[in-house]
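Each remark here refers to the structure printed beneath this line.
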There are 4 protein chains.
Amino acid sequence: MEHIGQRVWAIPEGYIPGASTGPESMASHETACLLNTGDQDAHVEITLFFPDREPAGPHRVTVPARRTVHQRFDELDPQGSVPVGSDYASVLVSDVPIVVQHTRLDSRQPANALLSTVAYAAR
Amino acid sequence: MEHIGQRVWAIPEGYIPGASTGPESMASHETACLLNTGDQDAHVEITLFFPDREPAGPHRVTVPARRTVHQRFDELDPQGSVPVGSDYASVLVSDVPIVVQHTRLDSRQPANALLSTVAYAAR
Amino acid sequence: MEHIGQRVWAIPEGYIPGASTGPESMASHETACLLNTGDQDAHVEITLFFPDREPAGPHRVTVPARRTVHQRFDELDPQGSVPVGSDYASVLVSDVPIVVQHTRLDSRQPANALLSTVAYAAR
Amino acid sequence: MEHIGQRVWAIPEGYIPGASTGPESMASHETACLLNTGDQDAHVEITLFFPDREPAGPHRVTVPARRTVHQRFDELDPQGSVPVGSDYASVLVSDVPIVVQHTRLDSRQPANALLSTVAYAAR
């Protein structure tokens with residue numbers, strides 16, 4: 001299949017809740033769902049933006065040809081620089097077209113809440 | 001009414017929760033809501049993408065003229081190949097323009113959670 | 001302010017939950033949020049689509065100049081033709097540009113769930 | 001990084017729930033998440049629309065260069081003119097391109113609910 005989508009995506013909302021309720025599988029988290037429908041691997045650079053300091057990154061993720069990667073933001077940086085419990089935002093730049101959807105699971109209170117939206121495709 | 005929408009749609013986020021709480025009507029599920037406003041039937045091919053294997057499908061769904069079909073992903077393949085409890089993504093290709101919206105009901109914890117977004121329209 | 005938006009919008013997902021938990025203010029419902037930023041009244045025609053029968057409507061809603069109307073679908077037709085507990089979809093056609101966002105509150109289980117997305121702008 | 005996004009955004013859905021459950025950190029609220037990826041500060045004017053009276057504002061928010069601001073609507077006007085428990089909508093106009101995402105946390109019932117969508121980009 002051809003490469004569907006665009007190369008530059010933005011997610012203004014970013015917030016990893018600092019607490020969870022329930023088992024580990026229900027831990028609060030935030031995910032960028034990346035879909036690469038084409039025959040070339042997608043090399044994606046994710047830059048994080050904050051309210052009060054310079055951007056961080058880019059963090060690099062590879063989405064192999066004809067695969068989807070649901071990238072958790074808390075696992076983006078092994079050094080743990082992605083904040084928990086404070087605001088951030090992200091920009092994703094890929095070398096081939098991809099499609100990006102943003103999802104959060106929030107289980108701070110008993111019973112979880114979900115949000116999701118297709119990210120903003122800049123070009 | 002004319003055919004509103006586009007012919008190629010993508011949903012990067014896909015995940016059917018592997019557990020549910022409450023009655024059968026509240027079972028966790030994921031749906032692609034397909035709207036065909038025009039006078040010709042829409043023949044839709046749905047291909048599934050995974051993190052670790054080649055795409056599956058296409059699975060075929062017909063949306064009759066001037067009808068909506070809210071297609072549950074777990075009912076897409078009678079042979080049960082759509083995964084439960086693991087990540088996937090989907091691309092929908094129609095022979096006439098349609099509109100696609102993605103919804104999940106998650107009832108793994110008491111009280112359900114919902115997410116929804118208009119899918120990404122590629123062309 | 002000028003008229004922002006487009007004239008034809010589609011919402012493939014439509015489902016008014018057939019039960020609720022909690023006080024009347026938390027009753028399950030679905031809303032089309034209509035925003036008219038301009039100086040002319042917007043005359044909006046809402047047509048409903050179903051899985052198994054011909055479309056119904058159009059139902060007419062006026063959004064006055066420089067106003068927002070959050071139209072509940074269950075209050076769209078005084079004769080009660082909008083279904084509860086079954087799938088539908090909708091198309092909104094306005095004579096001036098408007099912006100449309102779709103929201104559902106589901107309180108079938110204790111604690112409510114929410115979904116929302118900007119609708120699909122066809123033209 | 002260059003300025004990603006657009007200059008005029010609309011959010012038809014606006015509603016700050018009038019009650020909350022749980023600790024202060026879980027108070028019901030509504031947020032416009034603003035992302036400014038570029039090297040110039042973004043001066044944003046937010047105008048509020050209502051069902052039954054003339055628009056209010058604009059309220060002014062600055063998003064510094066290379067920063068994100070998650071602006072709570074209830075903190076937009078120190079004089080408290082943003083309504084709680086009633087419908088509104090908003091238009092955001094920036095002097096440089098930005099990206100806008102809309103989120104609500106509703107904790108009126110025990111356990112919170114979330115909604116989010118990228119706002120409508122007008123131009």
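By how many nm would the segment from A:Glu24 to A:Asp95 grow when fully extended, if each residue of separation counts as 0.36 nm and the alpha-carbon distance is taken off?
In short, 22.1 nm is gained.
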Quick one: which residues, 5+ away or cross-chain, put their amide H under 5 Å from the amide H of D:Arg67? H built at 1.01 Å from N. D:Asn36
Filtering trypsin sites (Lys or Arg not before Pro) in the stretch A:1-63 by DSSP loop and by at most 13 other Cβ atoms within 10 Å leaves A:Arg53
Distance in Å, no decimals, from the C-alpha centre of the stretch C:49-123 to the one of the stretch A:79-108 is 31 Å
For q = 0.06 Å⁻¹, Debye-computed log10 I/I(0) when each Cα of the protein assembly as shown counts as one equal scatterer: -0.24
Considering chain B as a Gaussian network with a 10 Å cut-off on Cα pairs, which listed residue, B:Glu24, B:Glu45, B:Glu13, attains the greatest mean-square fluctuation? B:Glu24
For B:Met1, inter-copy label distances in nm, listed shortest first [label point 7 Å out on the Cα-Cβ vector]: 2.7, 2.7, 3.8
Using the Karplus curve 6.51 cos²θ - 1.76 cosθ + 1.60 with θ = phi - 60°, what ³J(HN,Hα) values do you get for each residue of the stretch C:66-77, in whole Hz, with x for Gly and Pro? 6, 9, 10, 10, 9, 8, 6, 5, 6, 9, 6, 10
Sorted from shortest, what are the nm distances separating the label point of A:Pro64 from equivalent points in the other copies, each placed 7 Å from Cα along Cα to C-beta? 4.3, 4.3, 6.1
Could you list which residues have their amide H under 5 Å from that of D:Asn112, counting only those 5 or more apart in sequence or on another chain, with H placed in the peptide plane? A:Gln109
Please compute how much accessible surface disappears when B pairs with A, both sides summed, using a 1.4 Å probe, and round it to the nearest 100 Å². 2600 Å²
Relative contact order for the stretch A:46-123: what percent, with Cα pairs under 8 Å and sequence separation of 6 or more? 25 percent
Using θ = phi - 60° and Karplus 6.51 cos²θ - 1.76 cosθ + 1.60, couplings along the stretch D:80-87 (whole Hz; Gly, Pro as x): x, 7, 6, x, 10, x, 9, 6
For chain C, give the magnitude of the charge dipole about the Cα centre (Cβ charges: +1 Lys/Arg, -1 Asp/Glu; no others), in debye to the nearest 20. 200 debye
For the protein assembly as shown, what % of the accessible area comes from carbon and sulfur atoms, probe 1.4 Å? 47 percent
Dipole magnitude (debye, nearest 20) for the stretch A:25-70, charges at Cβ of Lys, Arg, Asp, Glu: 160 debye
Would you mind listing the distances between the B:Glu24 label point and the same position in each other copy? Use 7 Å along Cα-to-C-beta, nm, one decimal, shortest first. 3.5, 3.5, 4.9
1.4 Å probe accessible area per residue over chain D, in Å²: 35 Å²
How far, in whole Å, is the closest Cβ of chain D from the axis that maps D onto C, and which residue does it belong to? D:Ala111, 3
Distance (nanometres) between label positions extended 7 Å along Cα→Cβ at B:Thr62 and A:Asp39: 3.3 nm
Estimated distance in nm for a label pair at A:Glu75 and C:Arg53, the labels positioned 7 Å out from Cα along Cα-to-Cβ: 4.8 nm
Shielded by partner chains, the stretch A:54-102 residues - at least 50 Å² of accessible area, 1.4 Å probe, vs chain alone: A:Glu54, A:Arg66, A:Arg67, A:Thr68, A:His70, A:Gln101
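The values are calculated or read from the model by the stated rules, or taken from the named source; none is laboratory data. Computed from a predicted structure; not experimentally measured. So basically every Cβ, Gly included, is an ideal-geometry build from the backbone, and we count neighbours across all protein chains shown. Surface areas here come from the heavy atoms of the whole protein model, side chains and all, with no ligands, DNA or RNA. Shrake-Rupley method; radii C 1.70, N 1.55, O 1.52, S 1.80 Å.
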